[in-house]
Every structure is written in structure tokens, then in C-alpha cells.
Amino acid sequence: MKKMEIARTGDELRLHCDAWRDLGYTIALVPTMGALHEGHMKLVETAKRRADIVIVSIFVNPLQFGKGEDFDRYPRNEEADLEKLRAAKADLAWLPRAEELYPPGFCTTVHVEGPARAGLEDAHRPGHFDGVATVVAKLFIASGCHLAPFGEKDYQQLLVVRRMTRDLGLPVEIVPVPTVREESGLALSSRNAYLSPERRKTAALIYEELERAAKRLKQGVSAEAVAFDGRQALIDAGFEVDYFVVRNAETLRPVKDQRTEPLRILAAARLDGVRLIDNIPVA
Ligand code: PAF
């Protein structure tokens, strides 16, 4: 069996990627921050189906965390992650150090407007999407990947990365991958590790409310009423709600005509200080 390569420096990564590209192989990059769960493995599976070579990066990106966020306590478990990637037959795990991606004096960032200014995650995590867009652009450029799967769970991130890729002319296809859920409906997230088993049950209510909202929208209830009721139901269940909204699925702008526009319902709420996000399409 072919052994999974590990690269820590940009030079090590380039050595492998140049050789693969010279052989005419297509390369998929799965960018992650580690603490890998089934949601990530679905991204790896998608990448394997779509490309000859699969690279998975693991990097807890300091640039996308705000002051007072969970950068220091974000779950890190390199050995367990590498085991999972070997089992999934990834070709290379890329574990860059912060100094590698952000050399001394680093002062260049990628700033995205449009979907990154929708008043959703951006309103609650200032600077977050500049951090994401910057690191993803760097990961794409360094690996020279042809495609990259992104989970729909971070729906705004998916749209921001797609916009950034188009605007910078990076030849990378962004492949959306549906959210993986626990049986309860709770969207898989590395941050679920912060929840007690009891709170995990409560957390599943977010998905329940999103589903209820989608059903009511399809019955013709107004987007405003659905959003208001969804927010209230989560508050009643003990959440602190950052947003519960119905938006245009392509632009993330507020809905003007709910009968004709593609719709997405997005929510972010905190439970015992743990911030959870989720969203679903209205199909
Ligand atoms: O979704 C994530 O885990 C991160 O935002 C990403 C895309 C790996 C960039 O650091």
C-alpha cells in the first residue's frame, strides 16, 4: 500500500506537487483546521472521487480568529488526524507552521466584499473572512490544486471562497459538499466537542427549527415571520441567537421575492458560550 506523504514546509509540498503535475495528475486540496470528523472525511471522499491526488492541509489559522475567540483551545490532535487520513487513503497531509504561511513582517491580506459583507458571520466575527480568504488563497497557490471541496455547513464561507477564487482568477474549482449530520440532525463540527452530552441534545434543535422554517416557507408563510419565529423558538430553548434569517441562496442578500428567488435559511446561536452555526436550502 502506498504510504501517505507528510509535508511541513512549502518546499516539501512543492516537491511532491510539481512531480504530480508533471505526470499530468489532477490535484484536490481539502483545507482543514484538523480535529477531523466525518464531515471532513466526506470532503476527502469527494476529493478522491474527483481528482487523482488528494492533499489535506491541517492548519489552525490564527488570522481567522478574533480576540476572545477559541484559537488557543481549538481542538488539536495531529496523530489521530493523520491516522484518519491514512485510513481514507489521502496522498499527502500538509501541516504548515504559522511562520511558514505568515513570515515575519507579513502584511498582505485578501479582502472580500459581497458575500463576505452579508451581515451574518461577518457581523459577529469581524476580520474572520479576510483571514479565511487569505489563508485559502495561499493554500491554493502553494499547492497548485485543481479543485477544492468545501462543506455547505459553513455556507457563507463557501460563497466567500468561491467569489475570492473567481476574482483572483485562481484556476481552482470549488466543489460544494452537503453537511454531514448526527442522527439527531446536529451538524458535525469540531466545536461540538465543547458540548456536554445533554447540551448536544439541545443543540439539535437548531436543525429542527431550520427544517420547520423551510416547511413553513414552502407553505407560503412569509420569510419575516418564519425568521422571527425560528429565532424566538431558539431563545425559548435557552440559546443566545446571533441570527436566524432567510436569505437569497446565491447572494446572501435579504429576500425581495420569496416566490422566485433561491432561498437558504441560516442560523448562528450560542449554547453555554459554544457558538454553533447551521443552514439548509429551501428546496
Ligand atoms: O472551514 C475551515 O475549517 C477553515 O475556515 C478553512 C477553510 C480550513 C480555512 O482555515
Here the qualifying pairs (Cβ atoms under 6 Å; residues six or more apart or on different chains; first in segment 69-89 and under 18 Å from R191 (Cβ atoms); second assigned to a helix (DSSP H, G or I) and at pLDDT below 95) come out as P75/S190; P75/A193
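Among K48, K138, which is the only one that is basic (K, R), in a helix (DSSP H, G or I) and crowded, with 19+ Cβ neighbours inside 10 Å?
Details: K48 fails: crowded, with 19+ Cβ neighbours inside 10 Å.
It is K138.
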So, first residue free of Cβ contacts under 8 Å to residues at least 60 places away in the same chain in segment 1-16, second residue small (G, A, S) and open to solvent by less than 60 Å² (accessible area, probe 1.4 Å), Cβ within less than 9 Å, six or more apart or across chains; the pairs are L15/A7
Checked against (1) assigned to a loop (DSSP other than H, G, I, E, B); (2) under 24 Å from P126 (Cβ atoms), P104 satisfies every condition except (2)
Checked against (1) without any contact (Cβ under 8 Å) to a residue 24 or more places away in the chain; (2) open to solvent by less than 10 Å² (accessible area, probe 1.4 Å), A187 satisfies every condition except (1)
Original post:
If we scan segment 220-236, do we find a residue that is modelled with pLDDT of 95 or more and in contact with a Ser or Thr (Cβ under 8 Å, 6 or more places away or on another chain)?
Top reply: no
Within segment 205-250, residues part of a loop (DSSP other than H, G, I, E, B) and open to solvent by less than 50 Å² (accessible area, probe 1.4 Å) come out as V221, S222, A237, G238, F239, A249
Exercise for the section: For A7, state whether it is modelled with pLDDT of 95 or more, buried (at least 16 other Cβ atoms within 10 Å of the Cβ) and under 13 Å from L85 (Cβ atoms). Expected result: yes
Residue hits (segment 113-126; away from the ligand (no atom under 13 Å from the Cβ) and either outside any helix (DSSP H, G or I) or modelled with pLDDT under 95 (or both)) are E113, A118, G119, L120, P126
A careful count of residues in segment 18-43 that are surrounded by fewer than 23 Cβ atoms within 10 Å (Cβ to Cβ) and either over 23 Å from the mean Cα position of the chain (by Cα) or assigned to a helix (DSSP H, G or I) (or both) gives 12
L82 vs (1) surrounded by 19 or more Cβ atoms within 10 Å (Cβ to Cβ); (2) more than 19 Å from the chain's Cα centre (by Cα); (3) under 16 Å from L139 (Cβ atoms): all pass except (3)
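Among the residues of segment 266-280 satisfying the criterion of being under 16 Å from the mean Cα position of the chain (by Cα) and under 14 Å from L210 (Cβ atoms), which is most open to solvent (accessible area, probe 1.4 Å)? Spell out how you get there, then give the answer.
Residues of segment 266-280 that are under 16 Å from the mean Cα position of the chain (by Cα), as a first pass: 266-268, 275-280.
This time we only want the ones that are under 14 Å from L210 (Cβ atoms), so: 266-268, 276-280.
Numbers: L266: 8, A267: 3, A268: 0, L276: 9, I277: 33, D278: 10, N279: 4, I280: 11 Å².
Ranking the candidates gives I277 first.
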Note on segment 159-184: residues among the hydrophobic types (A, V, I, L, M, F, W, C), surrounded by fewer than 20 Cβ atoms within 10 Å (Cβ to Cβ) and either out of contact with any Lys or Arg (no Cβ under 7 Å at 6 or more places or on another chain) or assigned to a helix (DSSP H, G or I) (or both) are L168, L170
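The values are calculated or read from the model by the stated rules, or taken from the named source; none is laboratory data. Just so we're clear, the structure is a prediction, and the values are computed from it rather than from any experiment. Every residue, glycine among them, receives a Cβ derived from its backbone with ideal geometry; neighbour counts consider all protein chains shown. Surface accessibility is based on the protein's heavy atoms, side chains included, excluding ligands, DNA and RNA. Shrake-Rupley method; radii C 1.70, N 1.55, O 1.52, S 1.80 Å.
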